[in-house]
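Student: Here it is: the structure, laid out below.
The values are calculated or read from the model by the stated rules, or taken from the named source; none is laboratory data. Keep in mind it's a predicted model, so treat the numbers as computed, not measured. Counting neighbours? That spans all protein chains shown, and the Cβs are built from the backbone with ideal geometry, glycine included.
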Amino acid sequence: MKVFRDKVAAITGAASGMGRALALDLAREGCHLALSDCNAHALAQTVAEVGRVASRSAPMLRVTSAIVDVSQRDTVHAWADETAAAHGYVNLIFNNAGVALSSTVEGMSYDDLDWIIGINFWGVVHGTKAFLPHLQASGEGHVINTSSVFGLFAQPGMGAYNASKYAVRGFTEALRQELDLMNCGVSATTVHPGGIKTNIARASRVSPSVNGLLVRDAQQGREEFEKFFITSPEKAARVILEGVRANRRRVLIGPDAVAADAMARLLPAAYQSLVVRDARRKRRKLLGNGASAPAHDGERA
């Protein structure tokens, strides 16, 4: 899809971050929008910003919005049908909504696991399956599913997040191959952002199980997470849209994502030892600052 003007794009997680940046960029290009999020106030702000952009570059732009919890299958399917009815057709679905959880595998609760898988993975599945028939009916469509740099390599304390993002990667890569075989005018791209300057860290859940092992406490964990946010949402949106135009199978966003991809491909097993070594170094630094930590097998005092 080389041109976005007069296309219709649906975006989940549109209230902030990459979702809002995608909406604004697409509006500048004259793409009609169906925006969703579970944060009504922030979503209204995005709609207002899109309106200001559209008044200058695309005054005839159609924008609809809906409060949607992507983990709820029926809600997502209803939103997809409502979007097609309101706009007449749909060309793009950006399954962008996501959340984060820091926890050891042993320490994570099933409730937290259900929460993150429900949004990060099932949300992508729901959005893909709900919109795919509409994309096919349009004759020219594209599915854009957001995985993560943590869909390329694993890290301690991120098992549930890794699982959700690896699942998105596998699901979308299989989807792309099927669409290629079908030759139906619809394609798919997996997006692997590195550290993007969004509010995902502030909204994340942090289990006490990582305290003293990986971080000092929940607040320090969120602060450490945010240190890796090096790419702006606006830059990320531009890279994603360039990837759609080029019909890329996957899009890496940020130098950290490029480095992580290279590390995982060149050292598919050995990289894990490097990650553990770095985690131990950081843990010793925490202990030196007075943090207490439990004993762990394989480590000596």
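Student: Restricting the search to region 27-46, which residues are out of contact with any Lys or Arg (no Cβ under 8 Å at 6 or more places or on another chain) and buried (at least 20 other Cβ atoms within 10 Å of the Cβ)?
Tutor: Result: A27, A34, L35, S36, D37, L43.
Student: Select from region 88-117 the residues that are surrounded by 21 or more Cβ atoms within 10 Å (Cβ to Cβ) and either more than 18 Å from V149 (Cβ to Cβ) or not aliphatic (A, V, I, L, M) (or both) and list them in ascending order.
Tutor: V90, N91, L92, I93, F94, N95, N96, G98, S102, S103
Student: Starting from residues that are at pLDDT 85 or above and either among the small types (G, A, S) or assigned to a loop (DSSP other than H, G, I, E, B) (or both), keep the ones in region 182-205 and report whichever is surrounded by the most Cβ atoms within 10 Å (Cβ to Cβ).
Tutor: That would be A188.
Student: Identify, please: which residue in region 252-282 is out of contact with any His (no Cβ under 9 Å at 6 or more places or on another chain) and of a type in the set (D, E, K, R) and is, among those, modelled with the lowest pLDDT?
Tutor: The selected residue is K282.
Student: Would you confirm, using the coordinates I've provided, whether S36 is under 25 Å from Y166 (Cα atoms) and touching a Ser or Thr at 6+ places or on another chain (Cβ under 8 Å)? Explain how you work it out, then say what you get.
Tutor: Numbers: under 25 Å from Y166 (Cα atoms): yes; touching a Ser or Thr at 6+ places or on another chain (Cβ under 8 Å): yes.
Judged against the criteria, S36 is a match.
Student: Next question. Every residue in region 127-177 that is in contact with an Asp or Glu (Cβ under 9 Å, 6 or more places away or on another chain) and not in a loop (DSSP other than H, G, I, E, B), please.
Tutor: Result: A130, H134, V149, A160.
Student: Considering only residues of region 206-251 that are of a type in the set (A, V, I, L, M), closer than 17 Å to A160 by Cβ and assigned to a helix (DSSP H, G or I), which is modelled with the highest pLDDT?
Tutor: Checked region 206-251; the qualifying residue modelled with the highest pLDDT is V210.
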